[in-house]
Amino acid sequence: QRFFFRDTWAEVDLDRIQNNLTEISAHLSKDVEIIAVVKANAYGHGDFQVAEVALKAGASMLAVAFMDEALALREKGITAPILVLGASRPGDVNIAAEAGIILTVFQKEWLKHAQKILKKDAALFLHLKIDTGMGRLGIRTEGELKAMERLFEEDPRLQLHGIYTHFATADELDDTYFNRQLSLFKDMLSIMNHQPPVVHTSNSAAALMHPAARFNAVRIGIVMYGLAPSVKIAPELPVVLQEAFTLHSRIVHVKKLEKGDKVSYGATYEAPEKIWVGTLPIGYADGWIRRLQGQEVLVDGKRSPIIGRICMDQCMVRLPYEVPVGTVATLIGSQEHESISINEIACKLETINYEVPCIITARVPRLYMQKGKLVSLSNPLLDEKSKY
Ligand SMILES: Cc1ncc(COP(=O)(O)O)c(CNc2conc2O)c1O
């Protein structure tokens, strides 16, 4: 395993990401564009690698959370349009304009400040965000909309390229609140002098469960990674998804404990009988947080519980029997007939599946697989310039 020196790694199956996206776009009508949401390092999967695959699979645009993520993709060679979904500073608009990055706007003052900063020949592409009930970012009144529209009409440097909103409950079975948001958005659209080129409201759940909300582009994140937007709608999804992210480590130490022997900080775990114990080089600084004590990992196809407190860089598991040092442990993924899904980890952590791949930190290298082969690897600790 060259280019990383600690035997813990994540594997990202790029074929699965491509297939998920192909499945989804086949389900949508062909006049609906896909905006691939690759923020937060593509939900922990690798922003550049996922962006490449998503664009190849037909996405026409990428979306990220803030400008740094957009500029990072540009520096890695991505030339496709990138929409920044979050807030940005008016002072940075020239950088965005020059890098062909589309910003989200939702305050008239921001727009007026940007006008003062923008170079005279700049072209700044903007998507106007409407807050129809998410309560996060966006204009909320028709008055704000008309005032902003006037600013766009009077200044050719400001290109109103899109308008969008975000649903708070698209992944729930009850669509009352969803329908209220959708109709508010349509009301706002209806008072505009003319509709911008790109109109989008849907995240994964809305794109798959609410065809009436598609307009001419959808913002696809979680289902591209093969994960369901929520446990509730998982059984209703009209496409088959394949999880793309797995997590593995190799046992670095094996020992037999006698009844009463202790394991890890606080000596909180006491061997109930003679047991075999393995040590894994993964801990809470890798995002494998302490709450995961007791979670099972797969060793030799058997579910093996993490015993004692999880340390910063290591944790211990109770082995089914003696296995050789170097045996692979699968923390997320499958071995033989057993599998541990991201959803199982999310349940153990009392969180949602989105959070799990996001919290696996950068010091866990990502290995990219295509057609079963390792095609690239990202290890921010030892990047391309490293001599190792
Ligand atoms: C504005 C916006 N559009 C689209 C998406 C993609 O959603 P999906 O992954 O469900 O398809 C997100 C994800 N935003 C978040 C996902 O988790 N927390 C968030 O704020 C978003 O914030």
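Derivation of every value follows stated rules applied to the coordinates shown; laboratory data play no part. Bear in mind that the values here come from a model prediction, so they are computed numbers and not experimental data. Glycine also receives a Cβ, built like all others from the backbone with ideal geometry; neighbour counts cover every protein chain displayed.
Hey, what do the phi angles of region 245-251 turn into as Karplus ³J(HN,Hα) couplings, whole Hz, using 6.51/-1.76/1.60 and θ = phi - 60°, x for Gly and Pro?
Each residue of region 245-251 in turn: 10, 10, 9, 9, 8, 10, 5 Hz.
Please list, in order along region 373-388, the HN-Hα scalar couplings obtained from phi with the Karplus expression 6.51 cos²θ - 1.76 cosθ + 1.60 (θ = phi - 60°), rounded to whole Hz, x for Gly and Pro.
10, 6, 9, 6, 8, 10, 9, x, 5, 10, 7, 3, 6, 5, 7, 8
Taking one equal scatterer on every alpha-carbon of region 75-160, how large is log10 of I(q)/I(0) by Debye at q = 0.11 1/Å?
Relative scattering, expressed as log10 I(q)/I(0), comes to -0.29.
For region 219-268, which trypsin sites (Lys or Arg not before Pro) are in a loop by DSSP, counting at most 14 other Cβ atoms within 10 Å? Mind showing how you got there, number by number?
On the way: sites: R219, K232, R250, K255, K256, K259, K262; in loops: K232, K259.
Those satisfying the criteria are K232, K259.
May I ask for the net charge around L85, where only other residues with Cβ less than 14 Å from the Cβ of L85 are counted and Lys, Arg are +1 while Asp, Glu are -1? Before the final figure, lay out the partial values.
Working: positive: K39, K129, R136, R219; negative: D47, D68, E69, D131.
Surrounding charge for L85 is 0.
Could you tell me what percent of the DSSP beta bridges with both partners in the chain are antiparallel, to the nearest 5?
55 percent
Suppose only helical runs count, i.e. DSSP H with n ≥ 4. What mean residue ellipticity at 222 nm does that imply for the chain under -39500 (n - 2.57) per run, divided by all residues and rounded to the nearest 500 deg cm²/dmol? Intermediate values should be presented prior to the final figure.
Working: 11 runs with 100 residues, N = 388.
Roughly -7500 deg cm²/dmol at 222 nm, from the helical runs in the chain.
Taking a cut-off of 19 Å between Cα atoms, list the aspartates and glutamates near K348, but don't count ones fewer than 8 places away on the same chain.
E243, D286, E296, E338
Please compute the Kirkwood hydrodynamic radius over region 61-106, one decimal place, Å, based on all pairs of different Cα atoms. Kindly include the intermediate steps, with their values, before the conclusion.
Values: mean 1/r = 0.0974 Å⁻¹.
So the Kirkwood estimate lands at 10.3 Å.
Just how far, in whole angstrom, is region 68-97 from region 182-228 if you go by their alpha carbon centroids?
That distance is 22 Å.
Take the Cβ-Cβ distance between E270 and N179 as r, set R0 to 45 Å, and report the resulting FRET efficiency rounded to the nearest 0.05.
Here the calculated transfer efficiency is 0.20.
Would you mind calculating the gained length between A80 and R290 on full extension (0.36 nm times residue separation, minus the Cα-Cα distance), in nm to one decimal?
Length difference between fully extended and current span is 71.6 nm.
Give the residue list of trypsin sites (Lys or Arg not before Pro) in region 87-160 that are DSSP loop and have at most 16 other beta-carbon atoms within 10 angstrom. If you can, show how the numbers build up before the last one.
Values: sites: K108, K112, K116, K119, K120, K129, R136, R140, K146, R150, R157; in loops: K119, K120, R136, R140, R157.
Here the trypsin sites (Lys or Arg not before Pro) that fit, given the DSSP loop and packing criteria, are K119, K120, R136, R140, R157.
With a/c under 1.5 counting as rounded, go ahead and sort region 73-231 into rounded, prolate or oblate using the C-alpha gyration tensor (a ≥ b ≥ c being the square roots of the eigenvalues; past the cut-off, prolate if a/b is larger than b/c, else oblate).
On the way: a/c = 2.29, a/b = 1.39, b/c = 1.65.
Oblate, since a/c reaches 1.5 and b/c is not below a/b.
Where does each of I289, I342, I282 land when they are ranked from fewest to most other beta-carbon atoms within 10 angstrom? Provide the component values of the computation, followed by the final result.
On the way: I289 13, I342 24, I282 30.
Lowest to highest Cβ neighbour count: I289, I342, I282.
Can you give the percent of C-alpha pairs in region 1-72 whose distance is more than 13 Å? Mind showing how you got there, number by number?
On the way: 1726 of 2556 pairs.
Percent of Cα pairs beyond 13 Å in region 1-72: 68.
Count the net charge of all other residues whose Cβ sits under 15 Å from the Cβ of R303, scoring Lys and Arg as +1 and Asp and Glu as -1. Display every interim value, and only then the final one.
Numbers: positive: K302, R318, K348; negative: E296, D300, E336, E338, E344.
With Lys, Arg at +1 and Asp, Glu at -1, the neighbours total -2.
Given points 7 Å out from each Cα along the Cα-Cβ axis, report the K371 to I117 separation in nanometres with one decimal.
Placing both labels 7 Å beyond Cα along the Cβ direction yields 4.6 nm.
Starting from region 219-258, pick out the GluC sites (Glu not before Pro) whose DSSP state is loop and whose Cβ has at most 14 other Cβ atoms within 10 Å.
Details: sites: E236, E243, E258; in loops: E243, E258.
Taking region 219-258 and a limit of 14 other Cβ atoms within 10 Å, the loop GluC sites (Glu not before Pro) found are E258.
Run the Debye formula on the Cα coordinates of region 258-388, all scatterers equal and no solvent, and tell me log10 I(q)/I(0) at q = 0.10, 0.12, 0.14, 0.22 1/Å.
Scattering profile of region 258-388, log10 relative to I(0): -0.37, -0.53, -0.71, -1.44.
Taking the Cβ of G44 as the centre, find all other residues whose Cβ is under 11 Å away and add up their charges (Lys, Arg: +1; Asp, Glu: -1).
Details: positive: K39, R366; negative: D47, E355.
My count for the surroundings of G44 gives 0.
Over its Cα atoms, what ratio of radius of gyration to 2.2 N^0.38 Å does the chain give? Could the numbers behind the result be given before it?
Numbers: Rg = 23.8 Å, N = 388, 2.2 N^0.38 = 21.2 Å.
Normalised Cα radius of gyration, the chain: 1.12.
Over what distance in Å are the Cα centres of region 129-148 and region 281-307 separated?
45 Å
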